[in-house]
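The values are calculated or read from the model by the stated rules, or taken from the named source; none is laboratory data. None of these values were measured; they are calculated from a predicted model. A quick note on method: Cβ atoms are made from the backbone with ideal geometry, for glycine too, and the neighbour counts reach across all protein chains shown.
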Amino acid sequence: MEKLERISRELIHKGAVIDFYQDKVKDENGLVKTYDSIIHKGAAAVVAVKDDGKILMVKQYRNILDRFTIELPAGGKDTTDEPSVVCAARELEEETGYITDDLELLLSIRTTVAFCNEAIDIYIARNLKTSKQNLDEGEFIDVYEYDIEELIQMIYECKIQDSKTVCALLAYYNKFVKNN
């Protein structure tokens, strides 16, 4: 199957974070299929590494799971055009109370390519300076510090399951820690 053509996209629901569409796609034989599509503005996450090597993690309630999770500081872009590095710096300060001018792109991921376009750029933040946590209204986040080895163990114990966090921590470990 080499040629597919989207022939329509209908907005089903416009949400605060995502928009839900139904797409009609025709293949080269004329067969039309319907796809559910979630459109997201994009996001950024941060592996915030303190001078002592500890990594900042946030603990917050996630409604869809009905429990608290341990994750990297992260959040959605304000607009699709917002540079992800700007989003990363904002979310780092809002969620952890730290700032930096030293953000380096580690990797970019697509969270669920079967039905969602969400892209998350993940940065490493170094040379952190304390600022003030500035949470959004209704947001409650606790900040913790961990050694990378503790976090890798938490992944393999299924205590950390958030995909962006798992990808980022494993990439950081493999690129900067494993052979050093």
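For the reader, a short list of remarks on this structure follows.
- Condition check for S37: surrounded by fewer than 13 Cβ atoms within 10 Å (Cβ to Cβ) and part of a strand (DSSP E or B): no
- The stretch 122-180: number of residues that are over 16 Å from K50 (Cα atoms), in a loop (DSSP other than H, G, I, E, B), of a type outside the set (K, R) and at pLDDT 95 or above: 5
- Enumeration of residues in the stretch 90-106 that are among the β-branched types (V, I, T) and surrounded by 18 or more Cβ atoms within 10 Å (Cβ to Cβ): T96, T100
- With respect to the conditions (1) of a type in the set (K, R); (2) in contact with a Ser or Thr (Cβ under 8 Å, 6 or more places away or on another chain); (3) over 15 Å from S163 (Cα atoms), K3 lacks only one, and its number is (2).
- Pick from the stretch 80-89, criterion in a loop (DSSP other than H, G, I, E, B) and modelled with pLDDT of 95 or more, ranking: surrounded by the most Cβ atoms within 10 Å (Cβ to Cβ): E82
- Selection count where residues are of a type in the set (S, T, Y) and touching an Asp or Glu at 6+ places or on another chain (Cβ under 8 Å), scope the stretch 60-98: 2
- Within the stretch 141-172, the set of residues being among the hydroxyl-bearing types (S, T, Y) and crowded, with 17+ Cβ neighbours inside 10 Å comprises Y146, T165, Y172.
- The residues in the stretch 77-106 that are in contact with a Pro (Cβ under 9 Å, 6 or more places away or on another chain) and under 18 Å from N117 (Cα atoms) can be counted, and the count is 1.
- When V17 is tested against (1) in the same structural domain as G138 (by TED's automatic domain parsing); (2) within 30 Å of D102 (Cβ to Cβ); (3) at pLDDT below 95, exactly one condition is not met: (1).
- Unmet requirement for D101, which otherwise passes all of (1) without any contact (Cβ under 8 Å) to a residue 40 or more places away in the chain; (2) within 18 Å of the chain's Cα centre (by Cα): (2)
Every residue, every condition in (1) hydrophobic (A, V, I, L, M, F, W, C); (2) touching a Phe, Trp or Tyr at 6+ places or on another chain (Cβ under 9 Å); (3) farther than 21 Å from I141 by Cβ, yes or no:
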residue	(1), (2), (3)
I12	yes, yes, yes
V46	yes, yes, no
R67	no, yes, no
I70	yes, yes, no
Y98	no, no, no
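- Matching option when the condition is assigned to a strand (DSSP E or B), surrounded by 10 or more Cβ atoms within 10 Å (Cβ to Cβ) and in the same structural domain as I148 (by TED's automatic domain parsing), among L11, L56: L56
- Residue match in the stretch 104-111 (condition: assigned to a loop (DSSP other than H, G, I, E, B), in contact (Cβ under 8 Å) with a residue 24 or more places away in the chain, farther than 21 Å from R126 by Cα and within 15 Å of the chain's Cα centre (by Cα)): yes
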